[in-house]
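Peer 1: One structure is given below, represented as structure tokens, and several questions about it will come after.
The values are calculated or read from the model by the stated rules, or taken from the named source; none is laboratory data. The structure presented is a predicted model; accordingly, all values stated were derived computationally and were not measured. Just so you know, the surface numbers come from the protein's heavy atoms only, side chains and all, with ligands and any DNA or RNA stripped out. Shrake-Rupley method; radii C 1.70, N 1.55, O 1.52, S 1.80 Å.
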Amino acid sequence: MDILIKKRTKRGLIILLAFGAAAAGTLWFYLKPYTPEGQAESALISGRGILVERNDNWISFEPSTASGTGIIFYPGDLVEAEAYAPLARRLAAAGHPVYIARMPLNLAVTRSDAAEDIIRVHPKLSFVLGGHSLGGVMASRFAASHPDELAGVFFLASYPDAKGSLKSTTLAALSVLGTEDKVLDRKKYLEGRAYLPDNTVYYSLEGGNHAQFGSYGSQKGDGEATISEDQQQAETVRALLDWMNNLR
């Protein structure tokens with residue numbers, strides 16, 4: 001009898017372990033992140049007047065002579081923070097300190113208040129907050145509950161939802177969208193416009209797609225961009241700089 005119980009217990013443990021391994025494998029498959037490509041890795045090296053530092057909570061790009069508003073950036077879901085280094089470096093080169101928030105599991109929904117610590121550690125800076133894709137959705141939620149701590153909110157292939165409505169705030173807003181973006185949920189994007197302030201600036205990026213706001217390669221389901229990643233990011237930076245210049 002004892003032998004039978006031991007056999008059944010052992011069999012149960014084997015089944016449990018097998019189930020756990022399968023569940024872990026499935027979780028890894030669905031949470032496998034988009035990783036930075038070569039251009040992003042190069043942008044993470046300090047030099048040419050920009051100090052790049054990394055900690056557990058964010059990546060900072062500090063220009064030697066800061067002359068503009070600070071920028072806090074929330075990555076798109078399942079995209080590693082480092083993948084936005086080229087975009088951040090371009091903005092820092094224009095005099096704006098940039099802070100890319102790190103998200104647990106690379107999911108912005110796990111830490112929508114990431115901007116809070118960055119703002120607290122840099123009390124002398126004024127900030128705009130924004131993000132890519134669902135990172136922008138989470139950024140709008142923080143902005144909606146902390147409007148006095150920000151000067152504006154920007155959305156790259158993104159939109160606010162009801163919880164992140166900025167309609168009743170005095171915040172400035174910018175929305176940048178590529179014409180070849182096939183990842184963005186257009187229905188939710190159009191619905192989200194109802195939650196944006198009346199002063200929102202809309203910028204249509206001709207030939208741009210969803211993934212090229214970062215530097216992590218192609219994204220499943222995305223459209224084929226007719227401009228290069230470099231050009232898409234350069235145009236995005238110009239749109240952001242023009243918008244921020246009008247905040248002053």
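Peer 1: Which order do ARG48, ARG111, ARG186, ARG238 take when ranked by solvent-accessible area (1.4 Å probe, heavy atoms of all protein chains), largest first?
Peer 2: ARG48, ARG238, ARG186, ARG111
Peer 1: When the Kirkwood hydrodynamic radius is evaluated over all pairs of different C-alpha atoms of the chain, what value in angstrom, to one decimal, is obtained?
Peer 2: 19.0 Å
Peer 1: Hey, any idea what % of the chain's accessible area is carbon plus sulfur with a 1.4 Å probe?
Peer 2: So the carbon and sulfur contribution to the accessible surface is 55 percent.
Peer 1: Taking a ≥ b ≥ c as the square roots of the eigenvalues of the Cα gyration tensor of segment 150-205, is the shape rounded (a/c under 1.5), prolate (a/b larger than b/c) or oblate?
Peer 2: Details: a/c = 2.34, a/b = 1.48, b/c = 1.58.
Judged from the Cα gyration tensor, segment 150-205 comes out oblate (a/c at least 1.5, b/c at or above a/b).
Peer 1: Further, regarding this structure: Say we join alpha carbon atoms closer than 10 Å with springs in a Gaussian network model of the chain; which of ASN55, ASN209, ASN106 then has the biggest fluctuation?
Peer 2: With Cα springs under 10 Å in the chain, the top fluctuation among ASN55, ASN209, ASN106 is at ASN55.
Peer 1: While we're on this one: Given a cut-off of under 8 Å on Cα pairs at least six residues apart, what relative contact order in percent is computed for the chain?
Peer 2: Contact order relative to length: 15 percent.
Peer 1: Cα to Cα, under 13 Å, and not fewer than 8 places away if on the same chain: which aspartates and glutamates meet these conditions relative to LYS182?
Peer 2: Filter leaves ASP222, GLU224.
Peer 1: At 1.4 Å probe size, put VAL98, VAL183 in order of accessible surface, largest to smallest. List each step's numbers first, then the result.
Peer 2: Working: VAL98 5, VAL183 50 Å².
So the residues, ranked largest to smallest area, are VAL183, VAL98.
Peer 1: Still on this model: Most fluctuating residue of ALA81, ALA92, ALA225 in a GNM of the chain with Cα springs under 10 Å: which is it?
Peer 2: Highest fluctuation of the listed residues: ALA225.
Peer 1: What pairs from LYS32/LYS187; LYS32/LYS124; LYS124/LYS163 go past 32 Å between their alpha carbons? Walk me through the intermediate numbers first.
Peer 2: On the way: LYS32/LYS187 27 Å; LYS32/LYS124 37 Å; LYS124/LYS163 29 Å.
Violating the 32 Å Cα-Cα cut-off are LYS32/LYS124.
Peer 1: Work out, step by step, the length gained on full extension between ALA94 and VAL121: first 0.36 nm times the residue separation, then minus their alpha carbon distance; give nm to one decimal.
Peer 2: 7.5 nm
Peer 1: Shifting gears a bit: What whole-number value in Å² describes the accessible area per residue of the chain for a 1.4 Å probe?
Peer 2: Values: 12560 Å² over 248 residues.
Roughly 51 Å² per residue, with all protein chains present.
Peer 1: Let me ask something else. Rounded to the nearest 500, what is the 222 nm mean residue ellipticity of the chain from helices alone, with -39500 (n - 2.57) per DSSP H run of 4+ residues and division by all residues? Walk me through the numbers on the way to the answer.
Peer 2: On the way: 7 runs with 89 residues, N = 248.
Mean residue ellipticity at 222 nm (helix-derived): -11500 deg cm²/dmol.
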